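The values are calculated or read from the model by the stated rules, or taken from the named source; none is laboratory data. Keep in mind that this is a model prediction, so the values were computed, not measured. Positions of Cβ are backbone-derived with ideal geometry, glycine not excepted, and every protein chain shown enters the neighbour counts.
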Amino acid sequence: MLFYLSPELFSENINISEWQNSIQEALNQGLTATIGSNNLLLGGGQIELSDNNQDQPLKPMNKYQDFLVIGTHKGGFDSITQQLNAVLEKINHLPLEKTVVELNKTISDLDKLLANKEMQSLPADIHNTLQELQKTLNGISPDAPVYRDIQITLHKINHTLDKAEPVLRRLDEKPNALIFNDNRLDPIPKGK
């Protein structure tokens, strides 16, 4: 991202050479930039300059063409994208299929057990407790509304992620893609 620092905004009587030297000294001591968004709806962006507070300054601290390059930290959408990917990775690794198969097997075994004549002769409390347990287990079977709701929700999440993937990939490749249009040059403001 190209940006311009106007020394005149900091002081009216400023020596440009001293200004450039102070910026270079700040870079040598770990000055870095974080690119963020200050208004997601309007696409407003901001660049925050801060001290890196690390032993080694971020690279590159050289020039690109005639422009000074400042090391940057990830911020804004990069951070959100990383967190979203971590959550989705955890959801993908949940053993839902295995859990449903095991629950179906348990329900089937319980049905056989409850149909047994010896089981029916047990005291009424135990019988009622087992029937309540079967009702609970039936509530999480593939025919249950809760299971269907989970399946629908997972399908919607996958559908949303499929739609968001091109935008997230573009933001990963170029974090300022939502802020600046690629088809025009960034105007450099003129000083007084």
Exactly one of (1) surrounded by 10 or more Cβ atoms within 10 Å (Cβ to Cβ); (2) modelled with pLDDT of 75 or more; (3) closer than 29 Å to Gly36 by Cβ is unmet by Leu137. Its number? (3)
Checking the condition modelled with pLDDT of 75 or more, under 30 Å from Ile35 (Cβ atoms) and out of contact with any strand residue (DSSP E or B) (no Cβ under 8 Å at 6 or more places or on another chain), which residue from Pro166, Pro145, Pro95, Pro187 passes? Pro166
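With the structure loaded, tell me whether Thr129 is out of contact with any His (no Cβ under 6 Å at 6 or more places or on another chain) and modelled with pLDDT of 75 or more or whether it fails that test. Give the steps one after another, and end with the answer.
Values: out of contact with any His (no Cβ under 6 Å at 6 or more places or on another chain): yes; modelled with pLDDT of 75 or more: yes.
Criteria met by Thr129.
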